[in-house]
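Q: I have a structure I would like to understand better, so I am pasting it below and will then ask my questions one at a time.
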Amino acid sequence: MNTDVLVVEDEDALATLLQYNLEKEGYRVRVAEDGEAAGLLVDERLPDVVILDWMLPKVSGVEVCRRLRSRPETRNIPVIMLSARGEESDRVRGLETGADDYVVKPFSMNELTARIRAVLRRIRPGLAADQLASGDIVLDRVARRVRRAGCEIHLGPTEYRLLEHLLQHPGRVFSREQLLDAVWGSDVYVEMRTVDVHVGRLRKSLNLGGQPDPIRTVRSAGYALE
């Protein structure tokens with residue numbers, strides 16, 4: 001799935017529970033214990049969705065949400081707010097602050113994961129779809145198969161994850177550093193040159209039939225899937 005979830009929760013037991021269950025669902029999870037730490041993690045790597053507690057030390061969840069919505073690079077990140085406040089006025093305030101959904105504690109993990117999928121389908125459908133497609137390239141996440149112009153393409157696991165990430169953001173240019181974080185993870189040391197090697201392998205596999213190269217190299221910037 002390669003969907004990056006940022007959990008911002010200061011209650012250790014709940015944060016651990018959320019991380020365990022979301023990772024079991026296939027999400028990649030990072031945890032921040034307060035609003036300031038959340039800001040640092042967002043700057044380090046943009047998440048695909050934020051699970052945000054209302055009551056946080058240092059910087060409140062409401063303020064974190066406001067800050068996300070005020071920046072061009074983060075204003076479209078889906079935010080699901082968690083709170084023990086269940087009054088209608090509190091829900092309205094949370095949503096008016098910019099949250100995309102509001103979940104009242106206590107809640108079940110089934111409910112939360114369903115809401116995550118619903119938000120992703122509505123706001124960033126490429127992250128929730130069973131299939132990703134661009135031009136004549138189709139990636140089937142359920143069968144883990146890739147086809148181009150109807151012909152099956154055999155990819156290694158790293159090339160598959162690389163193509164999946166590029167298909168989620170067609171046209172967007174990713175630096176080598178961003179691709180390393182997205183495909184290999186920020187906690188794994190991999191040389192920058194490794195990205196070029198795997199992009200080359202992906203290109204070779206996709207272009208076996210003589211079709212146009214769908215991957216654009218942007219000098220001094222990185223790569224994009226056209």
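Q: Can you confirm whether region 197-204 contains a residue that is surrounded by 18 or more Cβ atoms within 10 Å (Cβ to Cβ) and closer than 19 Å to Glu73 by Cβ?
A: Filtering region 197-204 down to residues surrounded by 18 or more Cβ atoms within 10 Å (Cβ to Cβ) leaves 198-199, 202.
Checking the rest, the ones that are also closer than 19 Å to Glu73 by Cβ come to none.
No, that holds for no residue.
Q: Something else: So, Pro157, is that one modelled with pLDDT of 85 or more, closer than 22 Å to Glu23 by Cα and exposed (fewer than 14 other Cβ atoms within 10 Å of the Cβ) or not?
A: Working: modelled with pLDDT of 85 or more: yes; closer than 22 Å to Glu23 by Cα: yes; exposed (fewer than 14 other Cβ atoms within 10 Å of the Cβ): yes.
Answer is yes for this residue.
Q: Restricting attention to region 173-196, which residues are modelled with pLDDT under 85 and surrounded by fewer than 17 Cβ atoms within 10 Å (Cβ to Cβ)?
A: Gly185, Ser186, Asp187, Val188, Tyr189, Val190, Glu191, Met192
The values are calculated or read from the model by the stated rules, or taken from the named source; none is laboratory data. These numbers were taken from a predicted model, which means no experiment stands behind them. No Cβ is skipped: glycine too gets one built from the backbone with ideal geometry, and neighbour counts run over all protein chains shown.
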